[in-house]
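A short write-up of the structure that comes next.
Every number in this text was worked out from the coordinates using simple rules, so none of it is lab data. Quick caveat, the model's predicted, so the values are computed rather than measured. Here the Cβ positions follow ideal geometry from the backbone for every residue, glycine too, while neighbour counts run over all protein chains shown.
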């Protein structure tokens, strides 16, 4: 298993060299890249590198965990029913990608 920390800033305005972008992790297990959260400020170029994510897991409905990149990637998004409701209100994501 490999874990990449793409963003670790959480919901704070404090920017340091260690905490530049909002919450985002890439977990790769058995050659399956899974993006965990993709907060505001995370760009497609930040997550498309050696591994292209095959799905996204959104842990909860805070802006530092879900940002506009969710509309750009075009991959399945998994979340709780409450988070899915917020996703649908906030972003233009096809229903067939939301689980």
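Of (i) 20, 17, 11; (ii) 36, 22, 10; (iii) 54, 36, 15, which one was derived for semi-axes √(5λ) of the Cα gyration tensor in Å from the structure shown?
(i)
Taking the Cβ of each residue in 4, 32 as the centre, tally the other Cβ atoms inside 10 Å and list the residues starting with the fewest.
32, 4
For 99, 62, 22, what's the fewest-to-most ordering of other Cβ within 10 Å of each Cβ?
99, 62, 22
Grab the DSSP H runs of the chain that are 4 residues or longer, score each as -39,500 (n - 2.57), total them, divide by all residues and round the 222 nm result to the nearest 500 deg cm²/dmol.
Computed mean residue ellipticity for the chain: -4500 deg cm²/dmol.
Arrange the peptides 39-51, 66-78, 83-95 so that the one whose residues have, on average, the most other Cβ atoms within 10 Å appears first.
66-78, 39-51, 83-95
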